[in-house]
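First the structure, in the form of structure tokens, and then the observations on it.
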Amino acid sequence: MYRMREETRARAVVAGAVMLGWVGLLWLLEGVDLATGHSLDSHGISPREPGELLDIVPAAFLHSGWGHVASNSVPLLVLGFVAALAGLRRFVGVVLTVIVIGGLGVWLTAPANTVTLGASGVVFGLFGYLLVRGFVDRRPLDVILGVVIAAVYGSLLWGVLPTDSGISWQGHLFGLTGGVVAAFAFRRPRRTSIPAAPTLPTGLT
């Protein structure tokens, strides 16, 4: 029991450090962007241009102002921390899946002559991942956690609707889709029980 607590504590420390570092990086990059006349914004995703496929990953780390990065920081920190508690290797795989699927969705469907950037797609992806992970892994504790996440952040789902022309609902929708895909792609292997040895009749060897 003591060892399990120590492992859980160690994972929490690592997950917290990773997410604080990630959010700190977002703020640093926004500071660099503003100091260089928004030079980093060119790495956002412009749809259906082959060269823009290279910007799918960097676009998830860039924002269009302090307000933009601030709105993503808290949900990213919270949802990322919860997801990272299950292990960094799985977490990295989930995040990359969300970024790639979300970015490709934006590249394919965003309106022409637009540039999409921001971590909100990752936020929606982590939200979707945590919602369904417990059902996919068949772990009651994670199911309960998903219900709590839905209660706290359920209003995020409105973001997948095209209600605001200045917000990339495509990034939100495909980020959410990427999170659900990641829950299946990185589901925990099911434990197989070892059959008991057959009992021999009395007197036989």
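The values are calculated or read from the model by the stated rules, or taken from the named source; none is laboratory data. These numbers were taken from a predicted model, which means no experiment stands behind them. Cβ atoms come from the backbone with ideal geometry, glycine included; neighbour counts cover every protein chain shown. We work out accessible area using only protein heavy atoms, side chains counted, and drop any ligands, DNA or RNA first. Shrake-Rupley method; radii C 1.70, N 1.55, O 1.52, S 1.80 Å.
The table below gives the values:
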item	result
Relative contact order of the chain, pairs being alpha-carbon contacts under 8 Å that are 6 or more residues apart, as %	23
Pairs of Cα atoms farther than 21 Å apart, the chain, %	56
Zero-based 5 Å bins, Cα pair distances in segment 1-70, whole percents	3, 16, 18, 16, 13, 11, 8, 7, 6, 3, 1
Diffusion coefficient, µm² s⁻¹, Stokes-Einstein with Kirkwood Rh over alpha-carbon pairs of segment 56-118 at 4 °C and 1.567 mPa s	100
Efficiency of FRET from Cβ geometry, residue 3 and residue 96, R₀ 41 Å, rounded to 0.05	0.85
Residue-normalised accessible area of segment 29-111, expressed per residue, 1.4 Å probe, Å²	44
Gain in span if fully extended, residue 164 to residue 141, counting 0.36 nm per residue against the direct Cα distance	4.7 nm
Low-density loop cleavage sites - trypsin sites (Lys or Arg not before Pro) in segment 7-53, where at most 12 other Cβ are within 10 Å (DSSP)	48
Gaussian network model of the chain, springs between alpha carbon atoms under 10 Å - residue of 130, 20, 34 with greatest fluctuation	34
Accessible-area ranking of 153, 129, largest first, probe 1.4 Å	153, 129
Potential extension, residue 89-residue 48 segment - 0.36 nm per residue separation minus Cα distance	11.6 nm
List 116, 109, 163, ordered by accessible area with a 1.4 Å probe, largest first	163, 109, 116
In Å², nearest 10: area of residue 104 left accessible to a 1.4 Å probe	70
Ratio of Rg to Rh over segment 86-174 (Cα coordinates, Kirkwood Rh, two decimals)	1.01
Helix runs (DSSP H) in the chain reaching 20 Å along axis by Cα, Kyte-Doolittle at least -1.0	2-35, 66-84, 88-109, 120-137, 169-185
Surface accessible to a 1.4 Å probe, residue 74 within the full protein complex, Å²	90
Accessible carbon and sulfur surface of the chain relative to its total accessible area, %, 1.4 Å	69
